[in-house]
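Okay, so here's the structure we're looking at.
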Amino acid sequence: MTDKLISGKELAALQKENIKKEVSRLNRQGIYPKLSVIIVGDNPRSLTYVKGKHKDCAECGIISENIEMPENVSQDRLLAEIARLNKDDSVHGILVQLPLPAHIDEYAVINAIGSDKDVDGFTAQNVGNMYLGQDCFIPCTPQGCIDLLEFAGVEISGKDAVVIGRSNIVGRPVTQLLTERNATVTTCHSKTKNIAEKIKNADIVVCCVGKRGYLTGDMLKDGAVVIDVGINRNRDGKLCGDADFNSCIEIASKITPVPGGVGLMTRVNLLKNTVKSAIRHNK
Ligand code: GUN
């Protein structure tokens, strides 16, 4: 069964070694990649994610700073901070951890980030460029899904893929990245008719619905490849994905585990985008 696992742990470790070397090389040229993370409030999940991002940066020699703002911070104050970071030449990546409190306009805040420092790839400029196939910052989780498929040697071109979920962060961009690689993609959501039939026909299933155990083995075509983007907790508080792992691994030819799959690649891609930004700013 282990030969069916697509290990994010293995790929992330390999890529982190390369990032470390690249950062050392940049340091020798006097370039010090730096990521600034803004976190508003104290959402426990966001705090955990942000902590992980700083740990990864430290491991790879990337400088990172945490800018904490209270839950009731005004939008103007937040925008002023982003404007300051946009102007700071020592900062290459700016990340505003989502979600933001309800009184803040997420679209306005994200788009205040200079697209040249938008290492999340969330600004309209980067999203637009991604759809146009231009050089840009690709969002970290969708890129991670592609990285894992490529690492596992899965042929994407000509395959039928189903993406379950249509969020701006994962579902939509991963649909685009698969399409760009010549897959025929069906993006499913809560209003999709005959979803079971669509999943059953898919060679590649990317599950990003955010529902524990949503995808079960009996829903899959024999030999399908499953990329599980979900991060949920089971009844015992343990991390689990959107796929019911034990039943899916019986039918799938390959599957990403949770934890140890896509989540680790999201983290690595943030590092890669930060290094890319540092290189671009020093060209
Ligand atoms: N919240 C959950 N995932 C992400 C992410 O990839 N980037 C940001 N900025 N916030 C998130």
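Look at where the Cα atoms of the stretch 1-65 and of the stretch 67-130 average out, and the two centres are 19 Å apart.
Considering Cα pairs under 8 angstrom that are at least six residues apart, work out the relative contact order of the stretch 45-183 and quote it in whole percent. Please report the intermediate quantities before stating the final value.
Values: 122 pairs, mean separation 21.0, N = 139.
With pairs under 8 Å counted, the relative contact order is 15 percent.
Among Lys191, Lys159, Lys254, the largest mean-square fluctuation in a Gaussian network model of the chain (Cα springs under 10 Å) belongs to Lys191. In terms of the mean number of neighbouring beta-carbon atoms within 10 Å, the peptides 86-92, 58-64 order highest first as 58-64, 86-92. Per residue, the stretch 1-64 exposes an accessible area of 55 Å² to a 1.4 Å probe, with every protein chain left in place. Amide H contacts of Ile156: none lie under 5 Å away among residues 5 or more positions distant or on a separate chain (H built 1.01 Å from N in the peptide plane; Pro and chain starts excluded).
D for the stretch 1-146, whole µm²/s, Stokes-Einstein with Kirkwood Rh over alpha-carbon pairs at 20 °C and 1.002 mPa s: what number? Each step should come with its number before you reach the end.
Values: Rh = 16.7 Å.
D = 129 µm²/s.
Between their Cα atoms, which of Lys4/Lys211; Lys34/Lys87; Lys20/Lys53; Lys87/Lys276; Lys198/Lys221; Lys4/Lys198 are more than 21 Å away from each other?
Working: Lys4/Lys211 23 Å; Lys34/Lys87 14 Å; Lys20/Lys53 15 Å; Lys87/Lys276 18 Å; Lys198/Lys221 10 Å; Lys4/Lys198 23 Å.
Pairs exceeding the cut-off: Lys4/Lys211; Lys4/Lys198.
Which whole-number percent gives the relative contact order of the chain, counting Cα pairs below 8 Å spaced six or more residues apart? Spell out each step's value before the answer.
Working: 544 pairs, mean separation 60.1, N = 283.
Answer for the chain is 21 percent.
Over the stretch 56-112, all Cα pairs binned in 5 Å intervals from 0 give whole-percent P(r) values of 4, 15, 29, 23, 15, 10, 4, 0, listed from short to long.
The share of alpha-carbon pairs in the chain lying farther apart than 31 Å comes to 28%.
If you restrict to DSSP beta bridges whose two residues both lie in the chain, what percentage is antiparallel, to the nearest 5?
Working: 2 of 30 bridges.
So the antiparallel bridges in the chain amount to around 5 percent.
Computed from Cα atoms, the angle from the helix 75-87 axis to the main principal axis of the chain rounds to 80 degrees.
Couplings 3J(HN,Hα) for the stretch 11-22, derived from phi with the Karplus relation 6.51 cos²θ - 1.76 cosθ + 1.60 (θ = phi - 60°), are 5, 4, 5, 4, 5, 5, 4, 5, 5, 4, 5, 5 Hz, where x marks Gly and Pro. For the chain, a simple Cβ point-charge model (Lys and Arg +1, Asp and Glu -1, everything else neutral) yields a dipole of about 220 debye relative to the Cα centre. The helix-based estimate of mean residue ellipticity at 222 nm for the chain, built from -39,500 (n - 2.57) per DSSP H run of four or more residues and divided by its residue count, is -13000 deg cm²/dmol to the nearest 500.
Database remark: amide H of Ile67 closer than 5 angstrom to the amide H of Val37, Ile38, Ile39 (H placed geometrically; neighbours at sequence offset of 5 or more, or on other chains; Pro and chain starts carry no H).
Relative to the longest principal axis of the Cα atoms of the chain, the long axis of helix 171-180 lies at roughly 80 degrees. Of the solvent-accessible surface of the chain, computed with a 1.4 Å probe over protein heavy atoms with every protein chain present, carbon and sulfur atoms account for 50 percent.
Taking the C-alpha atoms only, the angle from helix 44-60 to the longest principal axis of the chain is near 70 degrees. Summarised in one figure, the compactness ratio Rg/Rh of the stretch 1-74, Cα atoms and Kirkwood Rh, is 1.11.
The values are calculated or read from the model by the stated rules, or taken from the named source; none is laboratory data. Computed from a predicted structure; not experimentally measured. Positions of Cβ are generated from backbone atoms using ideal geometry, with glycine treated the same way; all protein chains shown enter the neighbour counts. Surface accessibility is based on the protein's heavy atoms, side chains included, excluding ligands, DNA and RNA. Shrake-Rupley method; radii C 1.70, N 1.55, O 1.52, S 1.80 Å.
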